[in-house]
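The values are calculated or read from the model by the stated rules, or taken from the named source; none is laboratory data. It should be emphasised that the depicted structure is a prediction, and the values quoted were computed from it without experimental measurement. Cβ: placed from backbone, ideal geometry, glycine included. Neighbour counts: every protein chain shown.
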Amino acid sequence: MKLAFRVFGYLKPYWRPVVVLYVALFAGLGLQLVIPLVLARAIDDGVVGGDRGFLLNAALLIVGLTVLQGGFTFLRSYLVQTVAERVGFDLRNALYVHLQGLPFSFYDRSQTGQLMTRATDDINNIRAMLVMAMRPLVLAAGTFVAITIILIRTDAVLAAVALAPLPFLIWFAVRFGVAMRPMFFQVQQQFGVMTSALQENVAGNRVVRAFAQERGESERFETELEELFEANLRTARRWSFSYPLTLLLSGAGLAAVLWLGGYRVLTGSLSIGTLVAFNRYMILLNEPVRWLGFVINRIARAVASAERIFETLDTEPTIAERPDAVALRPMRGEVRFADVSFAFAGAARDALTGISFVARPGTVTALVGPTGSGKSALVGLIPRFYDPTAGRVEIDGHDARELTLDSLRSQIGTALQESFLFSVTVRENIAYGRPDATMDEIVAAATAAQAHGFISAMPEGYETEVGERGVTLSGGQKQRLAIARALLQDPKILLLDDATASVDTETEHAIREALRAAMHGRTSFVIAQRLTTVEDADQILVLQDGRIVERGTHPELIRRAGFYRELYDLQRRDDQEPAFLPVDAKPGVAAVAGVAPP
Ligand SMILES: Nc1ncnc2c1ncn2[C@@H]1O[C@H](COP(=O)(O)OP(=O)(O)OP(=O)(O)O)[C@@H](O)[C@H]1O
Ligand SMILES: [Mg+2]
């Protein structure tokens, strides 16, 4: 019930068309109820009474009424579609906006397929319910009231017989709907599971094929599909059993009316016209009632979908902005970590423990350490992708949690480990955070990110489409676009995660030059697998298992001959590998060379 109120709450902004819609619905209904009365008079006075003129007039009247009814039907169905479309739009929008606000940890736990199903199929179910379910319900109720009055006024006994199967039909339909609801929830849930399997296979199809797992993945998909098929079949079975039964019940009612009514016509206590009208009414009444099963089916489906949608909408954003948050604008860009610890939701151990450091405005901090040591996690705490579990992250002396998300994030530029490009033009990808940027600014950012060269060489330059319908970019090219995107924002704080991991030496050099210029005047954090990239940093933090194990400048750390020195020597030795080795073989050989004594 609460659910229904929530769904109908979305109709509120459209109350005007909804009112017109119901006026049209009831006007159409009224006309529909008048037509049998005209019919009755036409038969009794026109046919039985032999009045040709009256018969012609009645026929014309029926045509007129039907045309009018058609007009109302058109108005009603047009408005219903529009309103349902708008409600679907609003719901989808609300869901989208809400998803944007949900913390990263929500996405860590959720399957993309399930979320997709909610935004598409579930919303369609609600839309379909609004289009298809409301009319029969109102029609059923309206016809029922009107017909009961008319029937009782003409012949109470006949009316009683005609209406007798009705309670059974309604009881049956309601019970059926109650039984169907959990079944539909299961169907929707399974649909999400299947979409997830499909989405993962499409997104990861290279991996699937590279490891020759097509068969295994097909089987996995088939299992999920079968499960969906079964769930659908179970609901369909119940549904197809109930429909003929309702047909039988309403048929029995009709037969009873014909028999008893026919008898009364024969004894002269009922006019034949009234009997014909009576029959029309019965058919009119039975139609929506028989549809009740279908309607309840639709409603059950919509309720199941609404439950899933509201479940997502009710997920509280844990990274919420405080009501008294301050907008720090402009910021100087000082970043201080005060004894920060952090654990991912559901993770057994901390990803970061007791991290303390200060990054002064305009300086470069490099983060190095083995994979999984917590470099990305540390950087993610600065724009509040995650909040620390203990300690404080401070920006210009303010706890980051006291700042508005917008003022915080709009002054932080990020080029993250998995830089994502949208299927739009290169220009739009670079201008993503600042759609108002001029072409000159875009070119300047691309030039600084050493991307201008390869962009100009593309068939349509900055207007080249990226992704599905356009060019495929290499890892290094993607990274440079991501850097250009971050630079265009002219941020006070710049976060570069693995910005140069996947480019060749020449490009790496170019990017390093570009970054040197780009980082000028910004507090920058650089994570780089290549230690040569971080040699100029003002401070280097060496991470291991989520702790800072060493810190200092490059010369200091080299002199200390600790973990950093070890990593550095290891990498230098790799770089001196003979150049004649095929490029593909190099990493493996290098790794072996790394452990072997020189
Ligand atoms: N979304 C997540 N949920 C749970 N645990 C995570 C998540 N992301 C990372 N971890 C774990 O947290 C730890 C730190 O991960 P992080 O991504 O910060 O490492 P990293 O130093 O950036 O490694 P790399 O050099 O490979 O990028 C790792 O043990 C990792 O398994
Ligand atoms: Mg990382």
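Condition check: under 30 Å from Val7 (Cβ atoms) and within 31 Å of the chain's Cα centre (by Cα). Does Leu166 satisfy that? Reasoning before the result, please.
Working: under 30 Å from Val7 (Cβ atoms): yes; within 31 Å of the chain's Cα centre (by Cα): no.
Taking the combined requirement at face value, the residue does not satisfy it.
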Verdict on Thr371 being more than 8 Å from ligand 1 (Cβ to nearest atom) and either surrounded by fewer than 19 Cβ atoms within 10 Å (Cβ to Cβ) or within 11 Å of Phe337 (Cβ to Cβ) (or both): no
Single condition Thr438 does not satisfy, out of (1) farther than 26 Å from Leu481 by Cβ; (2) among the β-branched types (Val, Ile, Thr); (3) free of Cβ contacts under 8 Å to residues at least 40 places away in the same chain: (1)
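Just one of Ala457, Ala377, Ala448 is within 16 Å of ligand 1 (Cβ to nearest atom) and either over 24 Å from Ile511 (Cβ atoms) or in the same structural domain as Phe525 (by TED's automatic domain parsing) (or both); which is it? Quick ask: steps written out before the conclusion?
On the way: Ala457 fails: within 16 Å of ligand 1 (Cβ to nearest atom); Ala448 fails: within 16 Å of ligand 1 (Cβ to nearest atom).
Of Ala457, Ala377, Ala448, the one residue that is within 16 Å of ligand 1 (Cβ to nearest atom) and either over 24 Å from Ile511 (Cβ atoms) or in the same structural domain as Phe525 (by TED's automatic domain parsing) (or both) is Ala377.
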Residues of the range 152-181 classified as within 17 Å of Val276 (Cα to Cα) and in contact with a helix residue (DSSP H, G or I) (Cβ under 8 Å, 6 or more places away or on another chain), total: 9
Qualifying residue in the range 312-329 (condition: touching a Ser or Thr at 6+ places or on another chain (Cβ under 8 Å), polar (S, T, N, Q) and within 16 Å of ligand 2 (Cβ to nearest atom)): no
Considering residues of the range 317-349 that are surrounded by 19 or more Cβ atoms within 10 Å (Cβ to Cβ) and within 16 Å of ligand 1 (Cβ to nearest atom) only, the residue farthest from Asp396 (Cα to Cα): Phe342
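Out of Gly354, Gly372, Gly391, Gly397, report the one residue that is within 16 Å of ligand 2 (Cβ to nearest atom) and on the phi > 0 side of the Ramachandran plot.
On the way: Gly354 fails: within 16 Å of ligand 2 (Cβ to nearest atom); Gly391 fails: within 16 Å of ligand 2 (Cβ to nearest atom); Gly397 fails: within 16 Å of ligand 2 (Cβ to nearest atom).
Of the residues listed, the single one that is within 16 Å of ligand 2 (Cβ to nearest atom) and on the phi > 0 side of the Ramachandran plot is Gly372.
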Whichever residue in the range 86-106 is in a helix (DSSP H, G or I) and within 16 Å of ligand 1 (Cβ to nearest atom) and, among such residues, is surrounded by the most Cβ atoms within 10 Å (Cβ to Cβ): Phe106
Unmet requirement for Ile548, which otherwise passes all of (1) in the same structural domain as Leu494 (by TED's automatic domain parsing); (2) at pLDDT below 90; (3) over 30 Å from Thr447 (Cα atoms); (4) under 44 Å from the mean Cα position of the chain (by Cα): (2)
